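The values are calculated or read from the model by the stated rules, or taken from the named source; none is laboratory data. Please read these numbers as outputs of a predicted model, since none were measured by experiment. Glycine gets a Cβ as well: all are built from the backbone with ideal geometry, and neighbour counts include every protein chain shown. We work out accessible area using only protein heavy atoms, side chains counted, and drop any ligands, DNA or RNA first. Shrake-Rupley method; radii C 1.70, N 1.55, O 1.52, S 1.80 Å.
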Amino acid sequence: MDELRAQVAQACRVIGGLGLTKAATGHISARVPGTNTILIRARGPDEMGVRYTNPDDVIAVDMDGKKLDGREGLEAPQEVFIHTWLYKKRPELASVVHAHPATVVLFTIVNKPLLPIYGAYDPSSLKLLAEGIPTYPRSITVSNDKLGEEFANSFPGRACLMRGHGITTCGESVQEAALTAIKLNELAEMNYRAQLLGDPQPIPDDEIAHITGGMKKSSNKRSAPLWRYYCSLVGEK
Ligand SMILES: [Zn+2]
């Protein structure tokens, strides 16, 4: 459990260090395998913000979002229900990332879609888009069971935009969920820059199919070098 807590804390520092979070907002969680316990970055007067998360900023909660253990001065985030309901609905999930990356949120504010504007430049983020990235249409805080269930029902894949709010990504490991958040942010950054420069043109469907069709499902082993790269980029050992 300590190892998993360290992984959650490190992933928080990486997405914070890469600028995917706004100040202290956002949280990453992991399901403790074979249990109904979730480890999640906590909020409260003693926290340091996502970018500076230590393992003891990660507390244990149950599937109702109630704190089971963790140091004083920290509580489950108000939006713990994003996490609990995704885990309840989807037994295969091991980790959930919720963040507020500005560039992605801008696309939800102006109601412009993220377009498949590149191919070989970054196949994995193109694949993410080809799978479908829904937008949860409400800008509210997902702060109770009813909203948590509604949100989880609207989100069948690996990544979701939340209008005027942020993103949620998930996966079968902490590393996978965090890399999906990073890829989603890159997709939005490139779309944003292309919009500034001119009139972005989607690449043809057959090229999208060509690039994404043969891609293997990501695994920790395959994505380990990329994860190490992002960790090093933000000064992680
Ligand atoms: Zn939020």
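Applying the criteria of a DSSP loop state and at most 13 other Cβ atoms within 10 Å to the trypsin sites (Lys or Arg not before Pro) of the stretch 45-79 yields Lys66, Arg71. Between Gly157, Gly213, Gly49, the GNM of the chain built on Cα springs shorter than 10 angstrom shows Gly213 fluctuating the most. Remark on the stretch 4-66: ratio of C-alpha radius of gyration to 2.2 N^0.38 Å is 1.06. Largest GNM mean-square fluctuation across Val104, Val142, Val50, computed for the chain with C-alpha springs under 10 Å, falls on Val142.
Per residue, the chain exposes an accessible area of 48 Å² to a 1.4 Å probe, with every protein chain left in place. Taken over the chain, lysine pairs spaced eight or more positions apart, or on distinct chains, with alpha carbons under 20 Å apart number 18. The Rg/Rh ratio for the chain is 0.96, where Rg is the radius of gyration of the alpha carbons and Rh is the Kirkwood radius. Springs between alpha-carbon pairs under 10 angstrom, Gaussian network model over the chain: which of Gln175, Gln201, Gln78 fluctuates most? Most flexible of the set in this elastic network: Gln201. Legend: calculated FRET efficiency, Leu106 to Lys217, from the Cβ-Cβ distance at R0 = 30 Å, rounded to 0.05, equals 0.50.
Looking at the stretch 85-142, the trypsin sites (Lys or Arg not before Pro) that sit in a DSSP loop and have at most 16 other Cβ atoms within 10 Å of their own Cβ are Arg138.
Relative to a virtual label point 7 Å from the Cα of Asp206 in the Cα→beta-carbon direction, which members of the stretch 120-151 show backbone nitrogen distances below 12 Å? None, by backbone N distance to the label point. With Cα atoms defining each centre, the stretch 1-75 and the stretch 137-185 are spaced 16 Å apart in the structure.
Working ranking of peptides 26-35, 181-190 by packing, defined as the average number of other Cβ atoms within 10 Å per residue, highest first, is 181-190, 26-35. In this label model, Ala6 and Asp122 are separated by 2.9 nm, measuring between points 7 Å along each Cα→Cβ vector.
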